[in-house]
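One structure below.
The values are calculated or read from the model by the stated rules, or taken from the named source; none is laboratory data. Because the structure is a prediction, the values reported are computed rather than measured. As a convention, Cβ positions derive from the backbone with ideal geometry for all residues, glycine included, and neighbour counts pool all protein chains shown.
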Amino acid sequence: MDTPAMQTPHHMLKTLFGYDAFRHHQAEIIDALLAGRDVLTLMPTGGGKSICYQIPALLRPGTGIVISPLIALMQDQADALRQLGVRAALLNSSLDAKAQRQVEQQLLAGELDILYMAPERLLNDWTLDLLARCDIALFAIDEAHCVSQWGHDFRKEYQQLSMLHERYPKVPRIALTATADVRTRGEIVSQLALQQAQVFINSFDRPNIHYAIAESGGGRDALWKFLCEQHPADAGIVYCLSRNGVDGTSQWLNDKGREALPYHAGLPQDVRQRHQQRFLREEGLIMVATIAFGMGIDKPDVRFVAHMNLPKNIEAYYQETGRAGRDGLPADAWMSYGLKDVINLRLFTDNSDAEEQFKRVMHQKTDAMLGLCELTSCRRQALLAYFDEQLAEPCGNCDNCINPPETWDATIAAQKALSCVYRTGEGFGAQYVIHVLLGKEDERISRNGHDMLSTFNIGGEHSGAEWRGIFRQLIAHGYLAADAEGFGVLRLTPKAWGLLKKSSNPQPVMLRRLRKPPREKVGKKRSGSAARQSLSDQDQALFEALRALRSRLAKEQNVPPYVIFPDRTLNELAVSRPATQAQMLDVSGVGEVKRERYGEDFLNEIRQFESGA
Ligand code: ADP
Ligand code: ZN
C-alpha cells in the first residue's frame, strides 16, 4: 500500500479503517511505536488491539511482523487487512512450498505491509535468515501472556523471543494481551526483554456483555427459552461439560429447529475444523462445545455464550464469556446451574489427587465461582473485583442489577436442613434428606427408620424445588460438604456446627429466594436480538437485507462475512440509510477502499429497499 509520508495516524484511522476516533490508549500506543519505543498493552477482548500495531506498521518503513500462536486465525486476519487494501500475508505450516516462496519474494521486494507468523516459524533458521535481509517496521507479539509458564496458555517458543531484542535492538516491539495479572505482566517484560517499555493497561470490563446466572434445574428448557426470547437468529456458543452433553445438546437443538454444530476433542480433526470454519463463515449458527473450543476464536459477532454447567473457576468463566460481543455490540453471558452442578464442582475439587497446597488454591477458586453464582449484588462488580479492579457503581447490565433478587432469612430452614443431615447419619444425598424433611412416604426411609426422626416431616412450609435451592446454597456457602467417597453424600462442616449449637447466637443465614419464571419479565425488558434491539422493525428488515447481501459477497470471495463489514456498520447503514458514496463514508467502519469496493452494492440494496418498502 502506498503510504505518503504526510499520513498521520488519525488520518489513516479515518480513511483506511473508517473510524472517527481512537479508543482507549490506541493513539498513545501508536505514538510510542512510531517513536521507536517498546510497548506492553493490556486491552480487553474487542478493545481494538490490532489497530495499535497495524497503523504504525503501515506508517513506518518496512514490514510489520506479527507473531501469534493462533494459526487458524491468521488467514482471517490477513483477509480482513486485504479487504482494506493492505498488503498482508502469512507464513505458517498451512502453506505449500510455492506459496511460501511467493511470500518470501514479496517480502524481499518490500511488497508486504504486514506479515503474520507463528513463533516456531519465526525461530527457524530459514525465517531468521530471510528477516535479516529485509526491512522490519516493528514486531507485534500477540497473546503475549503465552510467555508465562504459570499460565494455561504457556508456549515455550515465546520464551525464546527475547532474541528479537538481541538481533534487532532498533526495531520497536509491542506485546499485546487481554489477560495478564501483575505477575504475568512482569514476566512478559522480562522474558521478552522489552526495553523501558511503556505500559498501557485498560480496564478488564466488557460493558457490552450482559451477565446472567440462573438457578434452574431445567437446563435445556431454560436454554431454549433464553434462545427464543433473546437470540432467535444469532450466532453463539453453548458450553457443556462433557462430550455426551455436547452431542446430546446439539442434536436436541437441531431437532428443535436451530442449526447447531458439535465440537469436542473426541471428534476427528477434520470434522472439528469444518465445524469451526462454518461457525466463522455462516450467520446464525450455534456452536455446542466443550472447553476444547475457544482459544483464538476471533468471531466478532458471537451474540451469546451460554454455559450449561458451572465453569471450574472465575478465570475460565471470564475467558469463555469473553468470547461474546467482541464487536462491542450488546451480547449475553448466560448460565444455568443447579444443585447437581454445585455438588459436582465441590466433588471435583475434593477428588483431585493434587497436593494439599494446590488443593487449597482450587478450593478458594471453587468458593469464588460459587460465590459469584449465589451473589445477590452486581455480578460485574464482583467479577472485576476478582481481578483486582474496582467498579464504583453497580453496572446496571447484569441480572442482579436489572432484576434484584430477593433474599430471605433462612436461618430456621438451614437449621432444619442441617439437623436432618445430622440425624440421618450424614449418609445420604440431598434428595433423600429433602424427602425426609417433607415427610415423603418412601420405602427406603421407613426401612431406615427415618420416618421416626424428629426431623421427619418438619419442612412442609417449602416445596421440593425450594428445598433444593436451600441445599444448593448451603453447599455453596460451605455449611455442607459433598462427600468425595460416596457420590453426593452430604456431611456437616465446622461452619454448620456454629449454626446448630443451641448455646450460640448464630448469624442469620440470608439466602436468595427462588425466582419464579414469570418474575423474569419484571424490570427492564430485554427482548429480541440483543445486538439489534435498538432498531425499529423497518430498520431491522433493512438490516436483514444488508446482512444477506454481505453473506453473498463473503461467499463469493470465500471470506468470513464480518471482514466485509461488521454488524455495527450494517446497523448504522440500516438506520442512517446513506444515499451517496460521500454519505457512505460517514458510516463507522467504511473507509475509502471499502467504499470503492462495496459502496455501490450496499447503496443499491438500500435504494431498492426504500422504493419497495
Ligand atoms: P482485540 O484484538 O483487542 O480483541 P480488535 O483489534 O479485533 O480487538 O478490534 C475489535 C473491533 O473494534 C474491530 O472490529 C475493530 O475494527 C474495531 N475497532 C478498533 N479500533 C476502533 C476504533 N478506534 N473505533 C471504532 N472501532 C474500532
Ligand atoms: Zn450489575
Can you name the residue in the stretch 419-473 that is in contact with a Gly (Cβ under 7 Å, 6 or more places away or on another chain) and among the aromatic types (Phe, Trp, Tyr) and, of all such residues, is farthest from GLU374 (Cα to Cα)? PHE456
Do you know which residues across the stretch 385-407 are of a type in the set (A, V, I, L, M) and closer than 15 Å to LEU372 by Cα? ALA385
For the stretch 41-60, enumerate the residues that are more than 7 Å from ligand 1 (Cβ to nearest atom) and small (Gly, Ala, Ser). ALA57
Quick test of your reading of the structure: PHE139 fulfils all but one of (1) surrounded by fewer than 16 Cβ atoms within 10 Å (Cβ to Cβ); (2) among the aromatic types (Phe, Trp, Tyr); (3) under 20 Å from CYS52 (Cα atoms). Name the failing condition by number. (1)
Sort through GLY245, GLY257, GLY219 and tell me the only one that's without any contact (Cβ under 8 Å) to a residue 24 or more places away in the chain and more than 23 Å from ASP327 (Cα to Cα). GLY257
Just wondering, is there one or more residues in the stretch 491-505 that are more than 34 Å from the chain's Cα centre (by Cα), assigned to a strand (DSSP E or B) and surrounded by 13 or more Cβ atoms within 10 Å (Cβ to Cβ)? yes
Residues being of a type outside the set (A, V, I, L, M) and in a loop (DSSP other than H, G, I, E, B): count how many of those fall in the stretch 143-171. 12
Positions within the stretch 554-575 being away from ligand 1 (no atom under 13 Å from the Cβ), over 15 Å from GLU610 (Cα atoms) and crowded, with 17+ Cβ neighbours inside 10 Å, in sequence order: ALA554, VAL559
Does ALA21 qualify as being outside any loop (DSSP other than H, G, I, E, B) and more than 27 Å from THR321 (Cβ to Cβ)? no
Within the stretch 184-203, is there a residue that is within 26 Å of ASP399 (Cα to Cα) and surrounded by fewer than 21 Cβ atoms within 10 Å (Cβ to Cβ)? yes
The listed residue being over 31 Å from the mean Cα position of the chain (by Cα) and surrounded by 18 or more Cβ atoms within 10 Å (Cβ to Cβ), out of ARG595, ARG550: ARG595
Result of the Cβ filter at 7 Å on the stretch 350-363, keeping first residues that are surrounded by 10 or more Cβ atoms within 10 Å (Cβ to Cβ) and partners that are in a loop (DSSP other than H, G, I, E, B) and of a type in the set (Ser, Thr, Tyr), at least 6 apart or interchain, is LYS359/SER352; MET362/SER352
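For (1) surrounded by fewer than 18 Cβ atoms within 10 Å (Cβ to Cβ); (2) within 16 Å of ligand 2 (Cβ to nearest atom); (3) at pLDDT 90 or above; (4) not assigned by TED's automatic domain parsing to the domain that holds LEU42, each residue gets a yes or a no:
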residue	(1), (2), (3), (4)
LEU223	no, no, yes, yes
PHE226	no, no, yes, yes
HIS231	no, no, yes, yes
ASP247	yes, no, yes, yes
ASN254	yes, no, yes, yes
HIS264	no, no, yes, yes
ALA289	no, no, yes, yes
LYS299	no, no, no, yes
VAL302	no, no, yes, yes
Taking the stretch 61-85 on its own, how many of its residues are within 13 Å of ligand 1 (Cβ to nearest atom) and among the β-branched types (Val, Ile, Thr)? 1
In the stretch 197-216, the residues that are in a strand (DSSP E or B) and more than 17 Å from ALA324 (Cα to Cα): GLN198, VAL199, PHE200, ILE201, ALA214, GLU215
Selected residue [crowded, with 20+ Cβ neighbours inside 10 Å, over 21 Å from LEU499 (Cβ atoms) and touching a residue at least 24 places away in the same chain (Cβ under 8 Å)] from HIS435, HIS450: HIS450
Which of (1) more than 16 Å from ligand 1 (Cβ to nearest atom); (2) in a helix (DSSP H, G or I) is the odd one out, the single condition GLU320 does not satisfy? (1)
Can you list residue pairs whose Cβ atoms sit under 7 Å apart, with the first residue in the stretch 83-104 being touching a residue at least 60 places away in the same chain (Cβ under 8 Å) and the second being buried (at least 18 other Cβ atoms within 10 Å of the Cβ) and assigned to a strand (DSSP E or B)? Count only pairs 6 or more apart in sequence or on different chains. VAL86/ILE114
Within 16 Å of ligand 1 (Cβ to nearest atom) and either modelled with pLDDT of 95 or more or surrounded by fewer than 19 Cβ atoms within 10 Å (Cβ to Cβ) (or both): does that describe ARG519? no
So, of the residues in the stretch 165-183 that are charged (D, E, K, R) and surrounded by fewer than 21 Cβ atoms within 10 Å (Cβ to Cβ), which turns out to be modelled with the lowest pLDDT? ASP181
Among the residues in the stretch 24-40, are any buried (at least 16 other Cβ atoms within 10 Å of the Cβ), at pLDDT below 95, over 30 Å from LYS156 (Cα atoms) and within 14 Å of ligand 1 (Cβ to nearest atom)? yes
Here is a check on your reading of the model: is SER50 touching a residue at least 12 places away in the same chain (Cβ under 8 Å), closer than 27 Å to ASN202 by Cβ and more than 16 Å from ligand 2 (Cβ to nearest atom)? yes
Before we move on, is THR8 among the β-branched types (Val, Ile, Thr), surrounded by fewer than 24 Cβ atoms within 10 Å (Cβ to Cβ) and more than 13 Å from ligand 1 (Cβ to nearest atom)? yes
Does at least one position in the stretch 334-353 carry a residue that is at pLDDT 85 or above and within 13 Å of the chain's Cα centre (by Cα)? yes
When you scan the stretch 376-393, do you find a residue that is touching a Pro at 6+ places or on another chain (Cβ under 8 Å) and hydroxyl-bearing (Ser, Thr, Tyr), even just one? yes
Picking from ALA80, ALA32, the residue that is away from ligand 2 (no atom under 16 Å from the Cβ), more than 19 Å from PHE139 (Cα to Cα) and either touching a helix residue (DSSP H, G or I) at 6+ places or on another chain (Cβ under 6 Å) or assigned to a helix (DSSP H, G or I) (or both) would be ALA80
